[in-house]
Amino acid sequence: MSIWGRKEPEEEQSPVIMTGESGSEARTAAERPATKGAAMETRKAIIGPSIQVKGELIGKEDLVIEGKVEGVVRLRDHHLVIGKTAVIEATLEAKSIRIEGTVRGDVVAGERVELASGSTLTGDIVAPRISIADGARFKGSVDMDRSGAGKAEQSAKKKGAVSTLPPGKEPGAGAQARPGS
Amino acid sequence: MGLFGWWSRRPEGGGEDPAPPEPRLGPSGPLARILAAAGEVVEAGGRQPRALLVGPPSGRTIETLAGAGFRVTVDGEPEPRPPLEYRDGEFDLVLAFDLPDGLADEDLAPLLAEWSRVLRRGGTLWFLAACGGEEAVPLRRWDLWPDGSLSSREVLRRVDRTCRRRSNRDLERLARPLGGAEITLRRDGLREIVCRRRT
């Protein structure tokens with residue numbers, strides 16, 4: 001509001017959103033009903049810092065965990081955030097997983113796993129993309145197979161296979177060593 | 001932010017914004033060959049090669065190794081202590097980057113023995129020796145790119161270490177249990193050390 005007591009013009013106007021070819025369906029943002037997509041984007045569940053859960057958590061929405069969870073968390077097509085105060089001893093499965101707290105267990109993501117600064121993860125990661133911030137602590141194995149579970153099963157079967165290449169062709173045998181010291 | 005925000009200097013050593021990585025060093029010949037060889041093994045249907053990354057983990061390095069066909073294990077302890085929890089001969093490759101620079105000989109020697117133990121026969125230990133003298137240097141995180149080139153930056157929370165200067169002879173002596181060392185001098189005094197387990 002200005003010093004003259006008048007309402008600023010901007011306060012009387014709401015953003016106008018044009019829809020439709022003719023613009024005849026123009027409505028203000030306040031009048032436009034929330035779309036299903038917008039509602040799903042903002043909707044998420046939160047497990048607060050004082051909550052402890054033992055067992056299996058399965059959901060069809062985004063989830064933020066700030067408390068303690070033991071067991072399994074499965075959010076197949078949604079996003080999971082492990083907050084700074086969270087202590088997790090569980091297997092985590094989600095579309096994308098961001099870890100800011102402490103996790104002991106395997107982490108499986110369809111898209112991406114992100115370890116934020118200050119996070120600690122002890123366990124294996126299965127994800128096509130991984131991001132590790134400075135200050136994150138990680139101990140475990142990483143499987144970045146991008147084609148999903150099918151190839152993961154095949155690689156598990158191959159673990160018992162023996163290399164068919166001659167010793168000179170195996171990894172680490174390419175360079176010539178310097179004569180002994 | 002100061003009064004004139006865009007004039008403010010970025011906080012030093014530990015601000016929220018990470019410093020950009022240094023310009024990439026040229027490709028590491030040994031690493032480029034190792035990455036290529038791993039790809040050949042995988043394509044031929046052989047056992048998936050396994051790599052152990054030691055020190056501050058880098059998502060870029062993990063992606064590069066995984067893209068080359070390695071199954072990557074990360075041991076992100078800033079100061080690993082033996083005994084390591086891995087089986088004998090479990091890995092084809094151990095990458096330690098510049099971690100040995102911050103360790104005294106009495107700490108590094110048993111660690112080298114452990115890295116040798118977890119390497120299969122013919123496997124490779126690769127690390128860098130960067131110091132020119134005894135000085136405090138921050139812990140760095142190293143990125144390995146698919147062409148074998150390297151870049152690095154200081155980790156956000158500076159962990160200063162006293163860096164031990166080691167001559168080539170010192171390095172070869174320490175690497176003797178692994179069967180010796182191949183030492184390559186890169187730019188700015190950075191040395192690349194490759195050891196292959198022979199026994």
Interchain or long-range residues, amide H under 5 Å from B:Gly123's placed H = B:Arg197
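Taking the Cα centre as origin and putting +1 on Lys and Arg beta-carbons and -1 on Asp and Glu beta-carbons, what dipole magnitude results for the stretch A:44-148, to the nearest 20 debye?
Values: 15 positive and 16 negative charges, 23 e Å.
Result for the stretch A:44-148 is approximately 120 debye, rounded to the nearest 20.
Read-outs throughout are calculated quantities, based only on the coordinates presented, and are distinct from any laboratory measurement. The structure displayed is predicted, hence computed values, not measured ones. Using ideal geometry, Cβ is built from the backbone for each residue, glycine included, and neighbour counts are taken over all protein chains shown.
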